[in-house]
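One structure below.
Quick note: the coordinates plus some simple rules give every number you see, no bench work behind them. It should be emphasised that the depicted structure is a prediction, and the values quoted were computed from it without experimental measurement. No Cβ is skipped: glycine too gets one built from the backbone with ideal geometry, and neighbour counts run over all protein chains shown.
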């Protein structure tokens, strides 16, 4: 068969990478620098991503300037206060105790933008959101590649995208998809932190997968 | 360091998986069955995906029923005619010659939905689209895991999501994120088909990556 053939061991290794990827926050990053060569490998991973109609609708801003990081951190703080207001009582107390970003602790921040094409895009005519989804696939590629390089990534979404655009001087047409904190880590946690803290419970696989129609389950009830 | 430590060879293998993933259409699928065990591995890959606030906002429908596939194919045909109308002259002729799905050829179709949570979601308060993005990350995990298992995946986006919901009898609150065709293949192409056919040109890396601000490039101009 033309094209690379992967062994069962290769598939197992990929599964281990998928399984051990974590969202990393400021309490886990070390001060160790991320080199331009390492960043280049992460960018390459993104560019291997699928894009609807081969539109490649992505742009990347690599941030090391502490003044820019501070300005982004300030946006986070504003948005996070508004966010806390949406939770009630005990949940609000829990929310306020969480460390949800590593903007200043991570040596590098990486902002990923959607750059819409002019004119129709093949594959994007019925689902306008497909261009954004292409950029998200590129972000997941970065996240996985980083993990395989033992580099931590944290996705900060408690931000006003418009204000990030202004600070990084992006054209108005661009749309922030992901703001990533990138750095070496003291550890990769065994489980997602929000699972360990019981913020939400893990869902049962049997409740999520159906066959042919929504009324028929793929897995036995008790699996 | 707690957590799996990956070697440089492991990172190289992941890079090869990322690089050799392709969007597979009906002209490449074989009739060979995809087993439930293989599908289970793809679902597990999805469930290792990141989700905003650990919300796990995903649901999956595995389709083998030829009648359902036919109904989906009919939706594709309707949407594809509308799509062709958006392209002009030579580009429209090229568009009409492309094979853009493998709904009936692939032994399995896999529809992936977003199931919004009730109430506020941690990390989704400023960017409402984060729940959808979590589902997209799960889709990319499926795509990569399939590639490492030498299974092809094609993402069909030329569909009316509302009509797919109706055929698969999903609750109204659910939103189609991806409709995937899944099967063994005769080959994985060296390059994306739309690149080979020069539908769009590959963008230069140097034009896509900036440092600190949008007016400053990360790579030298001529890289």
Task: the protein assembly as shown - convex hull of the alpha-carbon atoms, volume per residue in Å³ - done: 143 Å³
- [ ] Taking 7 Å along the Cα-to-C-beta vector as the label spot, tell me the residue A:92-residue B:189 distance in nanometres, rounded to one decimal.
- [x] 5.5 nm
Task: Most mobile listed residue (A:201, A:99, A:82) in chain A, GNM with C-alpha springs under 10 Å - done: A:201
Open item on the list: How would B:22, B:213 line up from fewest to most surrounding beta-carbon atoms within 10 angstrom?
Closed with: B:213, B:22
Open item on the list: For the pair residue A:33/residue B:31, report the inter-label distance in nm, with labels modelled 7 Å from Cα in the Cβ direction.
Closed with: 6.1 nm
Open item on the list: Counting only Cα atoms, I'd like the Rg/Rh figure for segment B:1-78, Kirkwood definition for Rh.
Closed with: 1.06
Open item on the list: Please give the Cα centre distance for segment B:63-81 versus segment B:156-196, rounded to the nearest Å.
Closed with: 11 Å
TODO: Shielding by partners for B:193-202, please: the mean number of other protein chain Cβ atoms within 10 Å of each residue's Cβ.
DONE: 3
Task: Inter-chain Cβ neighbour average for residues A:56-63, partner chain, 10 Å - done: 5
Task: Distance cut-off 16 Å, percentage of C-alpha pairs in segment B:174-223 lying past it - done: 68 percent
Task: Relative contact order of chain A, pairs being alpha-carbon contacts under 8 Å that are 6 or more residues apart, as % - done: 31 percent
Task: Other protein chain Cβ atoms within 10 Å, averaged over every residue that makes up B:105-118 - done: 1
Task: Residue-averaged [θ]222 nm for chain A, counting only DSSP H segments that reach four residues, each worth -39500 (n - 2.57) - done: -11500 deg cm²/dmol
- [ ] Starting from 0 in steps of 10 Å, tell me what percent of the Cα-Cα pairs of segment B:14-186 lands in each bin.
- [x] 10, 35, 36, 18, 2
Open item on the list: Can you bin every Cα-Cα distance in segment B:115-223 into 5 Å intervals starting at zero and give me the percent of pairs per bin, rounded to whole numbers?
Closed with: 2, 9, 12, 13, 15, 17, 14, 11, 5, 2, 0
Open item on the list: Out of all DSSP beta bridges in the protein assembly as shown, what portion is antiparallel? Express it as a percent rounded to 5.
Closed with: 85 percent
